[in-house]
1. Please enumerate the residues belonging to the range 21-46 that are over 13 Å from I58 (Cβ atoms) and assigned to a helix (DSSP H, G or I).
2. Return the residues of the range 113-162 that are polar (S, T, N, Q), open to solvent by 60 Å² or more (accessible area, probe 1.4 Å) and at pLDDT 95 or above; say none if nothing qualifies.
3. So which residues in the range 95-108 are more than 13 Å from the ligand (Cβ to nearest atom), surrounded by 15 or more Cβ atoms within 10 Å (Cβ to Cβ) and over 25 Å from K56 (Cβ atoms), if there are any at all?
4. Any chance you could count how many residues in the range 74-97 are closer than 21 Å to Y40 by Cα and assigned to a strand (DSSP E or B)?
5. Please go through the range 32-49 and give me each residue that is of a type in the set (S, T, N, Q) and open to solvent by 10 Å² or more (accessible area, probe 1.4 Å), ordered by number.
6. Just give me the residues in the range 50-78 being within 15 Å of Y103 (Cα to Cα) and open to solvent by 60 Å² or more (accessible area, probe 1.4 Å), in sequence order.
7. Which residues, counting only those in the range 79-94, are hydrophobic (A, V, I, L, M, F, W, C) and surrounded by fewer than 22 Cβ atoms within 10 Å (Cβ to Cβ)?
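The values are calculated or read from the model by the stated rules, or taken from the named source; none is laboratory data. What you are looking at is a predicted structure, and each value in this text was computed from that prediction instead of being measured. Methodologically, a virtual Cβ is constructed for each residue, glycine included, from the backbone with ideal geometry; neighbour enumeration extends over all protein chains shown. Protein only, heavy atoms only, side chains kept; ligands, DNA and RNA dropped before computing areas. Shrake-Rupley method; radii C 1.70, N 1.55, O 1.52, S 1.80 Å.
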Amino acid sequence: MAIRTIRIQGDSVLEKRCREVVELTPKTRELIEDMIETMYEANGVGLAAPQVGVLKRIVVIDVGEGPIVMINPVILESSGEQTGDEGCLSLPGKAGTVTRPNYVKARAYDESMQEFEIEGTELLARAICHELDHLEGHMYTEKVEGGLRDVTYEDAGDKQET
Ligand code: ZN
């Protein structure tokens with residue numbers, strides 16, 4: 001496993017739509033392992049493949065309950081609303097207010113290419129939406145209400161960057 005370089009906003013790889021994964025090759029498995037390690041090293045709660053420069057529909061999320069790998073994820077249902085702070089590992093030191101669904105149900109494939117469904121509320125729902133946006137080439141900054149704020153080092157202790 002290896003830590004990969006996280007791409008920063010302005011890098012064109014973050015503005016492109018990602019391709020479906022059709023086969024889990026050894027290279028793709030290595031990518032997933034590296035993504036998990038990179039997310040933990042950066043204290044993030046989620047990471048999408050384009051954030052490490054790979055245009056594949058893969059995201060990893062950990063909201064404190066262990067890593068979730070989502071390959072070719074699709075949102076099936078969403079409901080409710082939550083308005084709160086959001087940050088992104090591709091835009092360090094910044095945060096902004098974003099409104100997201102408070103409940104999301106998604107379908108994806110795991111690292112064995114087994115299909116599964118996942119339901120999430122609050123932070124997990126937010127993280128799923130944020131990461132899936134990355135797969136479409138979108139950043140949360142497009143949805144920020146009221147502009148971006150600088151996040152101080154103290155705030156970063158419990159940061160929820162994805
Ligand atoms: Zn992000």
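1. P26, E37, Y40, E41
2. If the condition is that a residue be polar (S, T, N, Q), open to solvent by 60 Å² or more (accessible area, probe 1.4 Å) and at pLDDT 95 or above, then Q114, T121 are the ones that fit.
3. If the condition is that a residue be more than 13 Å from the ligand (Cβ to nearest atom), surrounded by 15 or more Cβ atoms within 10 Å (Cβ to Cβ) and over 25 Å from K56 (Cβ atoms), then T97, N102, Y103 are the ones that fit.
4. 5
5. Answer for the range 32-49, where residues must be of a type in the set (S, T, N, Q) and open to solvent by 10 Å² or more (accessible area, probe 1.4 Å): just N43.
6. Of everything in the range 50-78, those that are within 15 Å of Y103 (Cα to Cα) and open to solvent by 60 Å² or more (accessible area, probe 1.4 Å) turn out to be V74, I75, L76, E77, S78.
7. Passing the criteria: only L91.
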